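The values are calculated or read from the model by the stated rules, or taken from the named source; none is laboratory data. The structure presented is a predicted model; accordingly, all values stated were derived computationally and were not measured. Cβ placement follows ideal geometry from the backbone for every residue including glycine, while neighbour counts extend to all protein chains displayed.
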């Protein structure tokens, strides 16, 4: 059986096509990411703009063509923060159904966090000790404290990096004063997570896909190890190298980031917010080790397919 999974994120639309066999094993066949910026211009109004809708339809047309080319037996399509908060979400999902015959499941932040956990678990990134999973999205950011057996605590915050850019409109490069103000804001907003991580004695961070893919790629390009690591589902960070690259990003300009080997064009603007956010979390939670899971929400859906849950 072939399954196509579309994660309609607030910034990028992610497609995973995988073959699932009778034994419950899977084989990824195709992946794609398309920068859609679904929430752009509408985060503060809780509205999907007409321009964003048109970008979404173009992306879906391409991804559904890929699904048809692979002769998928099932399609699962999920939408997250930008859609679940939009006052015109129903009109948007109805239009998707009308144009493509695609039923969109708009999931809650709680559900999104749990699907991220399942994706990270499928990647093999979790072990017997507690970890703090951080999934930085365009519209929301999810935190999960978990081990390989269970979720201990989870929460979704409407603190995605595209949403933060629209709210704060930072200068280029980010000034010292802006960085301090943003860090204080973020620290206050996730103070309950910081307290919970401290009380649970969490010392390992797992960065789930997205911006953490970029941090990993930047480091591996500098180390000359990109070809060896780019296809691994999970990988341990050198924590000092991770801190260094996040510090460099935080003080960089757009022009600086354009020249960084391994920096995708669609992350050049928002990666500053990701670096600032992740750096604050590492500092305030006392994290001493970190690794990446290249699997996230869409692989969490695949996990449920493998388990027969959907």
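When every residue of the range 138-148 is checked against the conditions, at least one turns out to be more than 17 Å from the chain's Cα centre (by Cα), surrounded by fewer than 18 Cβ atoms within 10 Å (Cβ to Cβ) and not in a strand (DSSP E or B). Residue 155 - would you say it is at pLDDT 95 or above, part of a strand (DSSP E or B) and surrounded by 16 or more Cβ atoms within 10 Å (Cβ to Cβ)? So residue 155 fits the description; yes.
The single condition from (1) crowded, with 16+ Cβ neighbours inside 10 Å; (2) more than 22 Å from residue 288 (Cβ to Cβ); (3) within 18 Å of the chain's Cα centre (by Cα) that residue 260 fails is (3).
Does residue 77 satisfy the criteria of being part of a loop (DSSP other than H, G, I, E, B), buried (at least 17 other Cβ atoms within 10 Å of the Cβ) and in contact with a strand residue (DSSP E or B) (Cβ under 6 Å, 6 or more places away or on another chain)?
Working: part of a loop (DSSP other than H, G, I, E, B): no; buried (at least 17 other Cβ atoms within 10 Å of the Cβ): yes; in contact with a strand residue (DSSP E or B) (Cβ under 6 Å, 6 or more places away or on another chain): yes.
No; evaluated as a whole, the condition is false for this residue.
Find all pairs meeting these conditions: Cβ atoms under 6 angstrom apart; at least six residues apart or on different chains; first residue within the range 216-236 and at negative phi; second residue exposed (fewer than 15 other Cβ atoms within 10 Å of the Cβ) and in a loop (DSSP other than H, G, I, E, B). That search, which allows pairs on different chains as well, returns 221/261; 234/124. Among the residues making up the range 189-200, a single one is closer than 14 Å to residue 276 by Cβ and in a helix (DSSP H, G or I): 189. Suppose the filter is touching a helix residue (DSSP H, G or I) at 6+ places or on another chain (Cβ under 7 Å), outside the structural domain of residue 232 (by TED's automatic domain parsing) and modelled with pLDDT under 95; does residue 44 pass it? Here the answer is yes, as residue 44 does meet what is asked. Among residues of the range 10-37 being surrounded by fewer than 16 Cβ atoms within 10 Å (Cβ to Cβ) and out of contact with any strand residue (DSSP E or B) (no Cβ under 7 Å at 6 or more places or on another chain), the one that is nearest to residue 270 (Cα to Cα) is 25.
Scanning the range 201-229 for residues that are under 17 Å from the mean Cα position of the chain (by Cα) and either outside any helix (DSSP H, G or I) or not assigned by TED's automatic domain parsing to the domain that holds residue 171 (or both) turns up 205, 206, 207, 208, 209, 210. Within the range 11-43, the set of residues being farther than 13 Å from residue 59 by Cβ, within 15 Å of the chain's Cα centre (by Cα) and in a loop (DSSP other than H, G, I, E, B) comprises just one member, 39.
Over 19 Å from the mean Cα position of the chain (by Cα) and modelled with pLDDT of 95 or more - does that describe any residue in the range 292-304? Break it down stepwise before answering.
Of the range 292-304, the ones over 19 Å from the mean Cα position of the chain (by Cα) are none.
No; the residues of the range 292-304 include none that is over 19 Å from the mean Cα position of the chain (by Cα) and modelled with pLDDT of 95 or more.
Could you please let me know if residue 67 is touching a residue at least 24 places away in the same chain (Cβ under 8 Å), outside any strand (DSSP E or B) and surrounded by 14 or more Cβ atoms within 10 Å (Cβ to Cβ)? So residue 67 passes the test.
Scanning the range 161-179 for any residue that is surrounded by fewer than 23 Cβ atoms within 10 Å (Cβ to Cβ) and closer than 16 Å to residue 132 by Cα turns up nothing.
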